[in-house]
């Protein structure tokens, strides 16, 4: 005879499937919800259902949105000649927080990773190339992550866009503000030297 009720086991299993949630955290969340006020539990459930019911992907840039096209794509005040290519919707939020970019976006929904079985055909690269061909794009900013997968993705996209008359740039990489040279690794220092600019 099972000591733990089936509903508890099921919720622990569901939480465990989420990224970054291990069995212990899943158990803590489940038992927290058992003690929480019923209104809070219902509100969480409704928020999850609402997320799936109301959120979709923009048919132009593939960002998450409640309306299609998304607010960025439908904003005529934004620079329609520049696309910033990122891996995930969270990257858009990070760039928008800076307040320094006023162009468009294109979200790939991942990066090329042969180890995980993710190739170019699994990403929104084909759609990006289509946008560059049909929209008045003058610059594509490759803002993929600096890891191996992000670099491979940026290089692949660059090769695909070379035949099109568009400027291709990459986010500068190097030393963080306030960082000491003595603590920087060789790769970071090399990138900082290569990405240097006029003062």
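The values are calculated or read from the model by the stated rules, or taken from the named source; none is laboratory data. Source: prediction; values computed, not measured. FYI the Cβ positions are ideal-geometry reconstructions off the backbone, even for glycines, and counts take in every protein chain you see.
Restricting to segment 64-92, what's the tally of residues that are within 21 Å of residue 152 (Cα to Cα) and crowded, with 16+ Cβ neighbours inside 10 Å? It would help to see each step written out before you state the result.
From segment 64-92, those within 21 Å of residue 152 (Cα to Cα) are 83-92; that's our starting set.
Narrowing further to those that are crowded, with 16+ Cβ neighbours inside 10 Å: 83-89, 91-92.
Number satisfying all stated conditions: 9.
Yes or no: residue 176 surrounded by fewer than 16 Cβ atoms within 10 Å (Cβ to Cβ), outside any helix (DSSP H, G or I) and touching a residue at least 40 places away in the same chain (Cβ under 8 Å)? Give the steps one after another, and end with the answer.
Details: surrounded by fewer than 16 Cβ atoms within 10 Å (Cβ to Cβ): yes; outside any helix (DSSP H, G or I): yes; touching a residue at least 40 places away in the same chain (Cβ under 8 Å): no.
So residue 176 fails the test.
Scan segment 77-96 for residues that are assigned to a loop (DSSP other than H, G, I, E, B) and either closer than 18 Å to residue 169 by Cβ or modelled with pLDDT under 95 (or both) and jot them down. Reasoning before the result, please.
Here is the first cut: in segment 77-96, the ones assigned to a loop (DSSP other than H, G, I, E, B) are 77-81, 87-88.
Scanning segment 77-96 gives 78, 79, 80, 81, 87.
Of all residues in segment 14-35, count the ones that are outside any helix (DSSP H, G or I) and either in contact (Cβ under 8 Å) with a residue 60 or more places away in the chain or surrounded by 13 or more Cβ atoms within 10 Å (Cβ to Cβ) (or both). Give the steps one after another, and end with the answer.
Kept after step one, since they are outside any helix (DSSP H, G or I), are these residues of segment 14-35: 17-22.
Still in the list and also either in contact (Cβ under 8 Å) with a residue 60 or more places away in the chain or surrounded by 13 or more Cβ atoms within 10 Å (Cβ to Cβ) (or both): 21.
Going through segment 14-35 one residue at a time, the tally reaches 1.
Select from segment 1-13 the residues that are surrounded by 11 or more Cβ atoms within 10 Å (Cβ to Cβ) and free of Cβ contacts under 8 Å to residues at least 12 places away in the same chain and write down the one among them that is farthest from the chain's Cα centre (by Cα).
We begin by selecting, within segment 1-13, every residue surrounded by 11 or more Cβ atoms within 10 Å (Cβ to Cβ); these are 8-13.
Narrowing further to those that are free of Cβ contacts under 8 Å to residues at least 12 places away in the same chain: 9-10.
On the way: 9: 32, 10: 29 Å.
Here the residue is 9.
Among the residues in segment 37-56, are any outside any helix (DSSP H, G or I) and within 19 Å of the chain's Cα centre (by Cα)? Break it down stepwise before answering.
Applying the first criterion (outside any helix (DSSP H, G or I)) to segment 37-56 yields 37, 55-56.
Those still in the list that are within 19 Å of the chain's Cα centre (by Cα) too: 55-56.
Looking through segment 37-56, at least one residue is outside any helix (DSSP H, G or I) and within 19 Å of the chain's Cα centre (by Cα).
Conditions tested, residue by residue: (1) at pLDDT below 90; (2) touching a strand residue (DSSP E or B) at 6+ places or on another chain (Cβ under 6 Å).
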{"position": "105", "(1), (2)": "no, yes"}
{"position": "115", "(1), (2)": "no, no"}
{"position": "152", "(1), (2)": "no, no"}
{"position": "172", "(1), (2)": "yes, no"}
{"position": "187", "(1), (2)": "yes, no"}
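Is it the case, given these coordinates, that residue 148 is surrounded by 10 or more Cβ atoms within 10 Å (Cβ to Cβ), touching a strand residue (DSSP E or B) at 6+ places or on another chain (Cβ under 9 Å), more than 17 Å from residue 103 (Cα to Cα) and modelled with pLDDT under 95? Give the steps one after another, and end with the answer.
Numbers: surrounded by 10 or more Cβ atoms within 10 Å (Cβ to Cβ): yes; touching a strand residue (DSSP E or B) at 6+ places or on another chain (Cβ under 9 Å): yes; more than 17 Å from residue 103 (Cα to Cα): yes; modelled with pLDDT under 95: yes.
Yes.
Quick one: residue 4 ticks every box in (1) at pLDDT 95 or above; (2) outside the structural domain of residue 143 (by TED's automatic domain parsing); (3) touching a helix residue (DSSP H, G or I) at 6+ places or on another chain (Cβ under 9 Å) except a single one, so which number is it?
Against the list (1) at pLDDT 95 or above; (2) outside the structural domain of residue 143 (by TED's automatic domain parsing); (3) touching a helix residue (DSSP H, G or I) at 6+ places or on another chain (Cβ under 9 Å), residue 4 comes up short only on (1).
Let me spell it out: the conditions are (1) in the same structural domain as residue 153 (by TED's automatic domain parsing); (2) surrounded by 11 or more Cβ atoms within 10 Å (Cβ to Cβ); (3) under 25 Å from residue 156 (Cβ atoms), and residue 96 meets all of them except one. Which number is the exception?
(3)
Scan segment 122-143 residue by residue and report those that are part of a helix (DSSP H, G or I) and either under 15 Å from residue 167 (Cα atoms) or not assigned by TED's automatic domain parsing to the domain that holds residue 110 (or both). Break it down into steps so the answer makes sense when it comes.
Of all residues in segment 122-143, those part of a helix (DSSP H, G or I) come to 122, 125-134.
Correct list: 128, 129, 131, 132, 133.
Give the number of residues within segment 57-76 that are without any contact (Cβ under 8 Å) to a residue 24 or more places away in the chain and in a loop (DSSP other than H, G, I, E, B).
11
For residue 61, are the conditions met, namely being within 22 Å of residue 156 (Cα to Cα), under 13 Å from the mean Cα position of the chain (by Cα) and either loosely packed, with under 12 Cβ neighbours inside 10 Å or not assigned by TED's automatic domain parsing to the domain that holds residue 160 (or both)?
On the way: within 22 Å of residue 156 (Cα to Cα): yes; under 13 Å from the mean Cα position of the chain (by Cα): yes; either loosely packed, with under 12 Cβ neighbours inside 10 Å or not assigned by TED's automatic domain parsing to the domain that holds residue 160 (or both): yes.
So residue 61 passes the test.
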